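Here it is, the structure, as structure tokens.
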Amino acid sequence: MQRVVVSGLGAITPIGDCVADFFSGLLSGASGIVDFREHPEMGGYRLKDGQIPLAGLLPSEAANERFPDDLRRRYDPQTLTVLATAIEALTDAGFDQADRKVAILVGSAVGLRPSIPRMKKSFPAYAQFSSDLLPEPHYYNKNFLDEFATSTVIQAITRECVQCSMAFPFSSLCVSGGNAIILGYELIKAGVVDAALAIGFDFFHPRQNQVFSHFRLLDDAPIKPFDASRTGYQLGESVGAVLLESADTAGKRPYAEIVGVGASCDGYHLVIPDPSGKPQSQAMTTALAEAQLMPNELDAIATIGRGSKVGDQAEGRAIARLLGNSGASVPMNSLVPNIGYTLGASSMMNFIALMMEIRQGILFPTLNVEKSDTRLGKFDLVQGHAKPVNLRSALALGSAFFGSNTAIAVRAPNTQGDAL
């Protein structure tokens, strides 16, 4: 069995268009949540009844300026944004493909979505199934459905920066990013590939916001993860990329080693997690068992922490079930108040933030928390200011609609006499 390490990171978020800026924003308490009606890609969108107008949005044309004109004519802005994070992760790792087998794993809850003004202009093309009616620029002359297809991202990555021996675009809703990491880990560990580029992304669209508003999951008050007065959250958009490699062939000192993974799915409800927290706890227990770690050996947990009443209740109870009496000694945090809840990117952004925390030896603070909800358990929720800590072993979590959960256990390099 091959050991699997994290050697490269890439990110574009509402608070930073690279990993370094993203993490600096987390440490400083920055928030990228704005009124999305004022964003140029919304095209004067009018709110529906009860719809929350706030979201964590990327700067307009966040990645386009990095690419020459020929690529900007060939690919839509969303695909270029994903491509930019892939390039950042590969560059960060100093990746030299040579004869190595590489997997590209792209997870997204919804897939690519053009801006509203472009979608409106494209309706005649969609209605008549004619790419000739697409507005300028013509990104995909042969098949306009590629504007929505996740496979378009894989095509861009393989053409522009790395060749792959296998590729897999998929959706497992909000745990898509975490599952991309887990699948890459399993492929490398089994010796199927030497490296895996795992990507998780989702782009904001007000229709998605309308659905979440309908289910009363969103609120226009500040997001307060695990707070006794939490009322809901806002959506966001982000793209994250992680390069995984076999420890034997990685070219640089890794951020961490993945030592265990866990996943569960109980199908409890369409949008409500099992309030007992048992399925989420199962994913965590599975990851720790493979890692041969005891819960009290964890130095941190990167939670989802949406700030919703039912979501935080289930996650809090799951963590309490896992940690027992040691809960107050294991610090945890949430980045949702900084960038919003980013759907298929959420578990990926959690993981990337945790890698930076391990590298820099500091935990970012959770924003807006006034009084932790003690009914969920006794936790060391990092708040107010960043917390220096020696992170040796940690857990990154993810959860999604229909009761899907992920947990990834990691260990810092050079721990337990490691040769990494």
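The values are calculated or read from the model by the stated rules, or taken from the named source; none is laboratory data. Bear in mind that the values here come from a model prediction, so they are computed numbers and not experimental data. All Cβ positions, even for glycine, are placed from backbone atoms using ideal geometry, and neighbour counts span all protein chains on display.
Which residue pairs have Cβ atoms under 8 Å apart, sit 6 or more places apart or on different chains, and have a first residue in region 153-164 that is in contact (Cβ under 8 Å) with a residue 24 or more places away in the chain and a second that is part of a helix (DSSP H, G or I) and of a type in the set (Ser, Thr, Tyr)?
From region 153-164, the pairs are Val153/Thr79; Ala156/Thr79; Cys164/Thr158.
Let me spell it out: the conditions are (1) surrounded by fewer than 21 Cβ atoms within 10 Å (Cβ to Cβ); (2) in contact (Cβ under 8 Å) with a residue 12 or more places away in the chain, and Asp99 meets all of them except one. Which number is the exception?
(2)
Scan region 377-413 residue by residue and report those that are under 22 Å from the mean Cα position of the chain (by Cα) and of a type in the set (Phe, Trp, Tyr).
Result: Phe401, Phe402.
Within region 21-46, which residues are without any contact (Cβ under 8 Å) to a residue 60 or more places away in the chain and touching a Lys or Arg at 6+ places or on another chain (Cβ under 9 Å)?
Arg37, Gly44, Arg46
Provide a single number: the residues in region 281-314 that are in contact with a Pro (Cβ under 7 Å, 6 or more places away or on another chain) and not in a loop (DSSP other than H, G, I, E, B).
Matching residues across region 281-314 total 7.
Restricted to region 211-239, and to residues that are among the hydroxyl-bearing types (Ser, Thr, Tyr) and under 25 Å from Gly107 (Cα atoms), which residue is surrounded by the fewest Cβ atoms within 10 Å (Cβ to Cβ)?
Checking each candidate, the answer is Ser213.
Would you mention how many residues in region 331-348 are more than 20 Å from Gly107 (Cβ to Cβ) and either among the charged types (D, E, K, R) or in a helix (DSSP H, G or I) (or both)?
Of the residues in that region, 2 qualify.
In addition: State yes or no: is Ala328 touching a strand residue (DSSP E or B) at 6+ places or on another chain (Cβ under 7 Å), modelled with pLDDT under 95 and assigned to a helix (DSSP H, G or I)?
Yes, satisfied.
Do we have Ala302 as surrounded by fewer than 24 Cβ atoms within 10 Å (Cβ to Cβ), among the hydrophobic types (A, V, I, L, M, F, W, C) and under 30 Å from Gly56 (Cα atoms) here?
In short, no.
From Gly111, Gly107, grab the single residue that is within 20 Å of the chain's Cα centre (by Cα) and closer than 27 Å to Lys48 by Cα.
Of the residues listed, the single one that is within 20 Å of the chain's Cα centre (by Cα) and closer than 27 Å to Lys48 by Cα is Gly111.
Name the residue that is surrounded by the most Cβ atoms within 10 Å (Cβ to Cβ), counting only residues in region 391-416 that are modelled with pLDDT under 95 and part of a loop (DSSP other than H, G, I, E, B).
So, considering only residues that are modelled with pLDDT under 95 and part of a loop (DSSP other than H, G, I, E, B), the one surrounded by the most Cβ atoms within 10 Å (Cβ to Cβ) is Pro413.
Would you point out the residue of region 181-206, among those that are touching a helix residue (DSSP H, G or I) at 6+ places or on another chain (Cβ under 9 Å) and among the charged types (D, E, K, R), that is nearest to Ala287 (Cα to Cα)?
Top of the filtered list is Asp194.
Also, I was wondering about something else. Scan region 32-60 residue by residue and report those that are touching a Phe, Trp or Tyr at 6+ places or on another chain (Cβ under 8 Å) and in a helix (DSSP H, G or I).
Phe36, Arg37, Met42
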